[in-house]
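First the structure, in the form of structure tokens, and then the observations on it.
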Amino acid sequence: MLEIKNLHVEVNGREILRGIDLVVKPGETHAIMGPNGSGKSTLSHVLAGREGYTITQGEILFNGKSLLELAPEERAGEGVFLAFQYPIEIPGVNNVYMLKAALNGIRAYRGEKELSAADFLKLVKSRVKSVGMTDALLNRPVNAGFSGGEKKRNEVFQMSVLEPKLAILDETDSGLDIDALKTVAEGVNALRDAERSFVVITHYQRLLDYIVPDVVHVLARGRIVKTGSKALALELEARGYDWLLEEAAA
Amino acid sequence: MASNAQDVAELVDRHYAAGFVTDIESDTVPPGLDEDVIRLISAKKEEPAWMLEWRLKAFARWQSMREPTWAHVHYPPIDFQALSYYAAPKSAKDRPKSLDEVDPKLLETYKKLGIPLEEQMMLAGVAVDAVFDSVSVHTTFRDKLAEAGVIFCSFSEAVREYPELVRKYLGTVVPVSDNYYAALNSAVFSDGSFVYIPKNTRCPMELSTYFRINAMNTGQFERTLVVADSGSYVSYLEGCTAPMRDENQLHAAVVELVALDDAEIKYSTVQNWYPGDAEGRGGIYNFVTKRGDCRGAHSKISWTQVETGSAITWKYPSCILKGEGSVGEFYSVALTNNLQQADTGTKMIHLGRNTRSTIVSKGISAGRSQNAYRGLVRIAAGADGARNYTQCDSLLLGSACGAHTFPYIECKNPSAQVEHEASTSRISEDQLFYLRSRGIKQEDAVNMIVNGFCKEVFKELPMEFAVEAQKLLGISLEGAVG
């Protein structure tokens with residue numbers, strides 16, 4: 001599904017990612033952990049196609065296609081979804097209206113017919129409950145005046161409507177209390193199936209208690225320094241990151 | 001030039017000898033402006049003597065005035081003697097014969113706006129012999145209004161048919177000497193609309209100049225007068241979302257609104273004059289004076305405008321809040337792209353007690369355009385308990401454009417409350433990336449953000465107009481980003 005090969009990325013001339021290799025197969029959930037400043041968010045932004053990053057080496061293949069040559073909206077069309085760490089407010093733009101434009105944008109990209117208003121509404125209604133969205137949130141301007149938890153829930157809700165092939169969750173747990181975390185995790189778990197893959201970026205092990213990964217990677221100083229199972233996350237929680245950094249430096 | 005002036009003089013004399021015009025030889029008055037030209041215009045329109053006198057007085061005032069230079073706009077000097085001040089509607093032989101002869105870019109825009117073919121032909125000025133549906137629409141429409149006692153007709157017709165009403169109100173809101181362009185308009189205005197809503201009458205439909213399109217060929221100097229008598233209500237829509245073809249570069253319209261006790265006037269404008277090409281060549285100069293007088297107690301005047309066209313816009317729809325407890329509102333979206341310049345805003349003059357005003361202005365600048373908001377809130381000494389709320393937001397697209405805000409507040413009454421909020425923001429890369437990552441194309445994402453920014457104003461527009469206005473913004477912004 002996703003294949004990252006020797007990816008090097010610079011921002012303003014500074015190398016942030018220094019040779020990332022990663023393979024995610026259909027249906028797999030990979031966790032990427034790491035200390036602050038290790039390049040986790042850069043990786044998620046580069047996957048979704050944000051401007052301002054220079055790819056100096058390497059490639060990203062998504063179902064065999066080179067992702068780096070596609071605009072963000074085309075990547076969405078291919079089935080990539082990024083749940084933002086800090087979802088931005090867009091005043092005056094109705095949440096559901098935006099989502100309908102997004103879904104129909106993706107459908108148009110795939111050569112599918114636009115969804116009618118009635119069918120779209122049905123789809124939205126069926127997804128609302130799973131992530132604890134309320135009608136009030138649905139019809140407010142995108143993220144405007146949402147609490148931290150509401151914003152994250154909205155991200156997972158959008159994901160459930162857009163049904164991506166690969167979802168990247170960028171620190172979805174940050175700023176959530178334990179109840180909100182559980183709700184969001186349940187929303188994500190409901191979407192897990194044999195085809196859909198997830199890349200879960202997180203600083204803390206806590207989220208992985210609820211979204212249990214198949215593989216855990218540790219990203220440090222722009223490289224994946226260790227790969228293991230769920231047990232690795234628990235070890236990190238107990239010992240911190242320093243020992244890994246030392247190991248990597250040695 | 002001398003012989004031209006002579007011709008004019010002859011024509012005028014002849015008309016006066018006859019008392020009225022039966023056959024008009026020349027469709028266009030030669031360039032230049034003097035008393036004779038004004039006499040000629042008045043004669044062609046078969047106006048009574050008082051109207052001509054009024055025009056001549058205005059002309060005398062205009063000659064003693066100077067073109068204003070305070071606005072934040074730049075353009076080469078206008079040679080007022082090089083302009084022609086009267087042109088009869090073009091005869092069929094000068095107009096395009098079919099849509100094939102019309103600028104394809106214009107047609108493209110019509111298509112995007114979803115304008116029916118027949119209307120496209122009207123807008124593009126195609127000469128057609130067939131009678132349009134809209135003519136019959138027009139007739140039923142007038143019958144219905146007449147039943148309610150509403151007068152809605154061309155200004156020329158009003159001068160002839162309802163002289164008492166016109167004389168009573170004309171120039172009482174925008175005096176002849178108000179400003180340079182208003183004085184010029186008063187001297188040479190070609191035509192426009194007149195509306196009178198009788199006491200305690202709710203106008204049975206939205207009044208729209210749209211219905212006049214086929215007869216319009218607007219003319220450079222339009223004059224509009226709307227009078228809402230006590231306890232009446234009217235909603236008036238002006239303009240058209242489709243870009244209009246027009247060879248006149250200078251437009252100086254005057255709009256006067258009068259609201260008597262408990263009356264309400266809602267005046268909505270969508271202005272989409274030709275803005276010129278990407279280098280700013282050939283666009284319309286739109287120098288308009290619009291003012292509403294809340295003359296009666298608890299009267300209300302509400303201006304809503306969406307301005308996307310014209311090379312230069314100079315326009316300040318204002319409210320004079322005389323009546324106790326009267327209310328003034330101004331909701332505006334002004335969008336400039338390429339080399340367009342806009343200096344627009346409002347004046348709220350609080351004279352009466354407990355008067356209230358609301359100003360919501362949204363300026364959007366793209367390309368290399370300059371967009372200025374200029375607003376005055378004046379609270380007179382006698383305006384006890386007056387309140388104003390102003391919100392003034394600017395959105396910048398790209399880095400070569402400019403947004404400017406010139407708010408003036410004059411408060412002479414200590415019991416008044418005046419609030420002003422202002423913001424300037426750049427269309428954010430984060431917002432764009434967010435929407436695009438969801439699968440929305442860049443251009444659609446920009447439209448979505450801009451329309452969201454304007455929402456507070458759009459919701460004041462009549463439903464149909466609001467939908468068209470949204471499409472219009474999208475079209476006006478094409479190519480502005482990316």
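Numbers for the structure displayed
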quantity: Any pair with Cβ under 6 angstrom, 6 or more apart, that starts in the stretch A:100-119 at a residue that is within 13 Å of chain B (Cβ to nearest Cβ) and basic (Lys, Arg) and ends at one that is open to solvent by 30 Å² or more (accessible area, probe 1.4 Å) and assigned to a helix (DSSP H, G or I); calculated: none
quantity: Residue ID - nearest to B:Arg160 (Cα to Cα), chosen from residues in the stretch B:61-85 that are surrounded by 14 or more Cβ atoms within 10 Å (Cβ to Cβ) and among the aliphatic types (A, V, I, L, M); calculated: B:Leu83
quantity: All positions within the stretch B:255-294 that are polar (S, T, N, Q) and farther than 20 Å from B:Leu184 by Cα; calculated: B:Ser268, B:Thr269, B:Gln271, B:Asn272
quantity: Among (1) over 21 Å from B:Tyr316 (Cβ atoms); (2) among the small types (Gly, Ala, Ser); (3) away from chain A (no Cβ under 13 Å); (4) under 29 Å from the mean Cα position of the chain (by Cα) - the single one B:Gly452 does not satisfy; calculated: (3)
quantity: Qualifying residue in the stretch A:204-220 (condition: touching a helix residue (DSSP H, G or I) at 6+ places or on another chain (Cβ under 6 Å), of a type in the set (Phe, Trp, Tyr) and part of a helix (DSSP H, G or I)); calculated: yes
quantity: Enumeration of residues in the stretch B:312-336 that are open to solvent by 10 Å² or more (accessible area, probe 1.4 Å) and not basic (Lys, Arg); calculated: B:Trp314, B:Tyr316, B:Ile320, B:Glu324, B:Gly325, B:Val327, B:Glu329, B:Tyr331
quantity: Which numbered condition B:Gly367 fails, given (1) more than 14 Å from chain A (Cβ to nearest Cβ); (2) assigned to a loop (DSSP other than H, G, I, E, B); (3) open to solvent by less than 60 Å² (accessible area, probe 1.4 Å); (4) at pLDDT 90 or above; calculated: (4)
quantity: For B:Leu461: the one exception among (1) surrounded by 20 or more Cβ atoms within 10 Å (Cβ to Cβ); (2) within 12 Å of chain A (Cβ to nearest Cβ); calculated: (2)
quantity: Odd one out for B:Tyr162 among (1) of a type outside the set (A, V, I, L, M); (2) open to solvent by 30 Å² or more (accessible area, probe 1.4 Å); (3) at pLDDT below 85; calculated: (3)
quantity: Filtered residues of the stretch B:43-52 (kept if open to solvent by less than 80 Å² (accessible area, probe 1.4 Å) and at pLDDT below 90); calculated: B:Ala43, B:Lys44, B:Lys45
quantity: Pick from the stretch B:174-195, criterion open to solvent by 10 Å² or more (accessible area, probe 1.4 Å) and in contact (Cβ under 8 Å) with a residue 12 or more places away in the chain, ranking: nearest to B:Trp54 (Cα to Cα); calculated: B:Val176
quantity: Residue tally, condition at the interface with chain A (Cβ under 10 Å from one of its Cβ atoms) and either at pLDDT 90 or above or assigned to a helix (DSSP H, G or I) (or both), over the stretch B:418-442; calculated: 14
quantity: Residue match in the stretch A:48-63 (condition: within 15 Å of the chain's Cα centre (by Cα), hydroxyl-bearing (Ser, Thr, Tyr), more than 10 Å from chain B (Cβ to nearest Cβ) and over 24 Å from B:Leu435 (Cα atoms)); calculated: no
quantity: Helices (runs of 4 or more DSSP H) contained in the stretch A:109-188 and holding at least 1 residues among the aromatic types (Phe, Trp, Tyr); calculated: A:117-128, A:148-162
quantity: Residue, farthest from A:Lys40 (Cα to Cα), within the stretch A:154-211, restricted to residues that are acidic (Asp, Glu) and without any contact (Cβ under 8 Å) to a residue 60 or more places away in the chain; calculated: A:Asp179
quantity: Qualifying residues in the stretch B:455-482 (those that are within 21 Å of B:Tyr236 (Cα to Cα) and assigned to a loop (DSSP other than H, G, I, E, B)) - the one farthest from the chain's Cα centre (by Cα); calculated: B:Lys459
quantity: Members of the stretch B:377-392 that are open to solvent by less than 20 Å² (accessible area, probe 1.4 Å) and under 12 Å from B:Ile359 (Cβ atoms); calculated: B:Val377, B:Asn388, B:Thr390, B:Cys392
quantity: Neighbours by Cβ (under 7 Å, 6+ apart or cross-chain): first from the stretch B:31-57, within 10 Å of B:Val159 (Cβ to Cβ); second assigned to a loop (DSSP other than H, G, I, E, B) and not charged (D, E, K, R); calculated: B:Glu46/B:Phe20; B:Glu46/B:Val21
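Residues checked against (1) at pLDDT 90 or above; (2) open to solvent by 20 Å² or more (accessible area, probe 1.4 Å); (3) in a loop (DSSP other than H, G, I, E, B):
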| residue | (1), (2), (3) |
| --- | --- |
| B:Tyr16 | no, yes, no |
| B:Val21 | no, no, yes |
| B:Glu25 | no, yes, yes |
| B:Leu33 | no, no, yes |
| B:Ile38 | yes, no, no |
| B:Trp54 | yes, yes, no |
| B:Lys57 | yes, yes, no |
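The values are calculated or read from the model by the stated rules, or taken from the named source; none is laboratory data. The structure presented is a predicted model; accordingly, all values stated were derived computationally and were not measured. FYI the Cβ positions are ideal-geometry reconstructions off the backbone, even for glycines, and counts take in every protein chain you see. Each accessible area value is taken on the protein alone, full model and side chains, heavy atoms only, with ligands, DNA and RNA left out. Shrake-Rupley method; radii C 1.70, N 1.55, O 1.52, S 1.80 Å.
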